[in-house]
Amino acid sequence: MIRILFVSDREEIIQKFRGIFDKNGYEFSTREGEIAILDSASASVDLKKKAKALKSQNSIVIFLGSPPEKELEKFADAYLTEDMPENLVFSVISAGLNVKNSLDKLSNTNKDLADSLYRLNALYDTSSNFAGTLDKEKLIKYMIEGMDKALSFSLTCTLSFTGAEPVLLLNSLYEISDELLSAIKLRAVLNYKSLFDGKELPYKLEPESLKVIKTVKYPANRFTFALFQYDNMFAPIATGDNFFGCVEIFKETPFSAEDATSFQTTAQQVSLPLRNAALYQEIIETNEKLEKLERLKSEFISIVSHELRTPLTSIKNSLDILVSGKCGQDSADKFITMAQRNVKRLGGIINDLLDLSKIEAGKMDFHFTDTNIHAIIEYVKSTFSEIANSRNIKLVAQEAENLPGIYADPQRLEQVLTNLVSNAIKFTPEGKTVKIKSALVNSAGIKAPVCFEESIAPLSGDYILVSVEDEGIGLHEKDFLHAFDKFSQIENSLSRKVGGTGLGLPIAQQLVEAHKGVIWCESEPEKGSQFHFAIPAA
């Protein structure tokens, strides 16, 4: 029923028009209505104030009679007279209603256009932000800010895989309790897993291990579990095979179709710059690796040239003196011995290079047989005793008794232990001790620094553990894994004082792994190092 507001202080006019409207099915009111009729002859009514208020509410204002003031005419949409026939009265009212309906539609259209324009501006600003950075964390931040600007959410839950570890970013209007947070974490993980429908997940993830970063606008208020009754939308952040996360958004009032389009568009828009950022990061890392490899190659050539030139120079000088015939028998023996020692040194360098090449090509020859570790330790100890004595270093063996045998290539294990003992003597100051130890251990009892746990984890059963302990310069923990890199000595200025190609430990690692064993180290700077390798007991 159409309600008509009639404003007058003349009772007889009020009753007259009430009768007219009541008998024709209109609701007559003196408080509010879709159409307002103002009696121009009402002396006690502030017509200007009333008309102004009605126009601000987009009401249709009709004056009964001519307004007493010229200024009131600007508020008038139509006029009635007291003696106007009823059919004309209703024609004027009907025309007013049509105008009001048209104005309402226009107002709603304008509001929709304004909302659409606002969203488009928000999307444009967000796109501009996306184009201005290759920082993945900033891209996710801009996405969330864009959604907030366009949609005025209550809460967004963004599961991001763009950093070193997965993180759940919560941008909330109000504070979140611990109980609600646990439910949100579980929901985020389940939503993530549902995207792959039983397929292999790109990242293994459980709620209890999920890191959370919260941003709360108004922490004085607190969300309850009624949050899950809010309207919500969900979208993956992905492009092609590149998956960067997913986002869910909650809002207390319902989302419109335009809201859904804006939300999905923003989530899709951020995916491409995220992929570009990932590719850019890969390019940077690849360039750093290539630069390092190029530097290592150049320095390796320099070091190998030096390591080869030193014994060759000594051999050449010895031969030149011998050929000149200017030395006696005793001196000749001395120069021959010097040449032999340097030939052996030269052969060791070349063998290291050949061994590394064979290992990388998978062409290293092994001759496995039943043997025992004691014979290998004794051989290496006797080989290095003279060298250790010449440097005033005590070389001792502390072996467990009645150790079981091993199925191994004795020559290759000798090579492993030779490299470890050689390094220990090389880096140990005079007057100190180098120890070779052996023991029977179970895999469950093997303890190693955290960086080697991944290598230790697959071991099972009993192992023969061989350790070489020195009292030398030691290593920082950050360098433990680096010690087994090829040519690692290149980047250690101290090692250049003692020489070497830096191939011994990488070769030892490959040989131990070929025996289904593992090698690791423990150390403290200036307190010495312990290098261990474990081979399965037969």
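The values are calculated or read from the model by the stated rules, or taken from the named source; none is laboratory data. Only a predicted model underlies this, so the values are computations on that prediction, with no experimental measurement involved. Positions of Cβ are backbone-derived with ideal geometry, glycine not excepted, and every protein chain shown enters the neighbour counts.
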Kindly provide the set of residues from region 266-299 that are closer than 17 Å to Cys246 by Cα and of a type in the set (Val, Ile, Thr), ordered by number. Thr266, Val270
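Is one or more of the residues making up region 104-124 under 54 Å from the mean Cα position of the chain (by Cα), over 30 Å from Thr265 (Cα atoms) and aliphatic (A, V, I, L, M)?
At the first step, the residues of region 104-124 found to be under 54 Å from the mean Cα position of the chain (by Cα) are 104-124.
Filter once more, so that each one left must be over 30 Å from Thr265 (Cα atoms): 104.
From the residues that got through so far, the ones that are aliphatic (A, V, I, L, M) too are none.
No: zero hits.
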When you scan region 388-407, do you find a residue that is surrounded by 15 or more Cβ atoms within 10 Å (Cβ to Cβ) and closer than 16 Å to His515 by Cα, even just one? yes
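Let's see how each residue does on (1) within 30 Å of Ile284 (Cβ to Cβ); (2) touching a residue at least 24 places away in the same chain (Cβ under 8 Å):
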site: Glu71; (1), (2): no, no
site: Asp83; (1), (2): no, no
site: Val92; (1), (2): no, yes
site: Ser102; (1), (2): no, no
site: Phe130; (1), (2): yes, yes
site: Lys138; (1), (2): yes, no
site: Tyr142; (1), (2): yes, yes
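Tell me, please, whether a residue that is in contact (Cβ under 8 Å) with a residue 60 or more places away in the chain and assigned to a helix (DSSP H, G or I) can be found in region 2-14. Even if it seems obvious, please write down each step before you answer.
Step one: filter region 2-14 for residues in contact (Cβ under 8 Å) with a residue 60 or more places away in the chain, giving 2, 4, 13.
Still in the list and also assigned to a helix (DSSP H, G or I): 13.
Checked region 2-14: at least one residue is in contact (Cβ under 8 Å) with a residue 60 or more places away in the chain and assigned to a helix (DSSP H, G or I).
To keep it simple, each residue is scored yes or no on (1) modelled with pLDDT of 85 or more; (2) farther than 16 Å from Gln268 by Cα; (3) touching a Ser or Thr at 6+ places or on another chain (Cβ under 7 Å).
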{"position": "Lys141", "(1), (2), (3)": "yes, no, no"}
{"position": "Ser160", "(1), (2), (3)": "yes, no, no"}
{"position": "Gly163", "(1), (2), (3)": "no, yes, no"}
{"position": "Leu169", "(1), (2), (3)": "yes, yes, yes"}
{"position": "Glu208", "(1), (2), (3)": "yes, yes, no"}
{"position": "Lys214", "(1), (2), (3)": "yes, yes, yes"}
Just to be sure I understand, how many residues within region 34-58 are of a type in the set (A, V, I, L, M) and farther than 25 Å from Asn98 by Cβ? 3
Under 8 Å between Cβ atoms, at least 6 apart or on separate chains: pull out the pairs that start in region 449-473 with a residue that is in the same structural domain as Pro410 (by TED's automatic domain parsing) and end on any residue that is assigned to a loop (DSSP other than H, G, I, E, B) and of a type in the set (D, E, K, R). Asp470/Lys432; Glu471/Lys432; Glu471/Lys527; Gly472/Lys432; Ile473/Glu526
Can you tell which of Ser94, Ser29, Ser59, Ser44 is loosely packed, with under 14 Cβ neighbours inside 10 Å, at pLDDT below 85 and out of contact with any Cys (no Cβ under 8 Å at 6 or more places or on another chain)? Ser94
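So, in region 359-373, of the ones that are acidic (Asp, Glu) and not in a loop (DSSP other than H, G, I, E, B), which residue ends up surrounded by the fewest Cβ atoms within 10 Å (Cβ to Cβ)? Please lay out each step first, then the result.
First pass over region 359-373, keeping only residues acidic (Asp, Glu): 360, 365, 370.
Remaining after also requiring not in a loop (DSSP other than H, G, I, E, B): 360, 370.
Numbers: Glu360: 12, Asp370: 10.
Per the stated criteria, the residue is Asp370.
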Somewhere in region 219-227, is a residue assigned to a strand (DSSP E or B), at positive phi and in contact (Cβ under 8 Å) with a residue 40 or more places away in the chain? no
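In this structure, does Asp104 turn out to be closer than 30 Å to Asp259 by Cβ, among the acidic types (Asp, Glu), modelled with pLDDT under 85 and surrounded by fewer than 15 Cβ atoms within 10 Å (Cβ to Cβ)?
Working: closer than 30 Å to Asp259 by Cβ: yes; among the acidic types (Asp, Glu): yes; modelled with pLDDT under 85: yes; surrounded by fewer than 15 Cβ atoms within 10 Å (Cβ to Cβ): yes.
Answer is yes for this residue.
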Cys327 fails exactly one of (1) surrounded by 13 or more Cβ atoms within 10 Å (Cβ to Cβ); (2) outside the structural domain of Asp148 (by TED's automatic domain parsing); (3) in a helix (DSSP H, G or I), namely (3)
Being closer than 30 Å to Met143 by Cβ and in a helix (DSSP H, G or I): is that true of Ala260 here? yes
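Here are some residues: Lys297, Lys289. Which one is more than 26 Å from Tyr203 (Cα to Cα) and not aliphatic (A, V, I, L, M)? Lay out the reasoning, then the answer.
Values: Lys289 fails: more than 26 Å from Tyr203 (Cα to Cα).
Going through Lys297, Lys289 in turn, just one is more than 26 Å from Tyr203 (Cα to Cα) and not aliphatic (A, V, I, L, M): Lys297.
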Could you list, in sequence order, all residues of region 195-239 that are of a type in the set (Asp, Glu) and either buried (at least 17 other Cβ atoms within 10 Å of the Cβ) or closer than 22 Å to Phe250 by Cα (or both)? Asp231
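Return a yes/no flag: does region 261-281 have any residue that is modelled with pLDDT under 85, aromatic (Phe, Trp, Tyr), surrounded by 12 or more Cβ atoms within 10 Å (Cβ to Cβ) and more than 30 Å from Lys185 (Cβ to Cβ).
Taking region 261-281 as the starting set, the residues that turn out to be modelled with pLDDT under 85 are none.
There is no residue in region 261-281 that is modelled with pLDDT under 85, aromatic (Phe, Trp, Tyr), surrounded by 12 or more Cβ atoms within 10 Å (Cβ to Cβ) and more than 30 Å from Lys185 (Cβ to Cβ).
Yes/no per residue for (1) assigned to a helix (DSSP H, G or I); (2) out of contact with any helix residue (DSSP H, G or I) (no Cβ under 7 Å at 6 or more places or on another chain); (3) farther than 30 Å from Arg18 by Cα; (4) not assigned by TED's automatic domain parsing to the domain that holds Gln268:
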site	(1), (2), (3), (4)
Pro67	no, no, no, yes
Asn87	yes, yes, no, yes
Leu117	yes, yes, yes, yes
Leu120	yes, yes, yes, yes
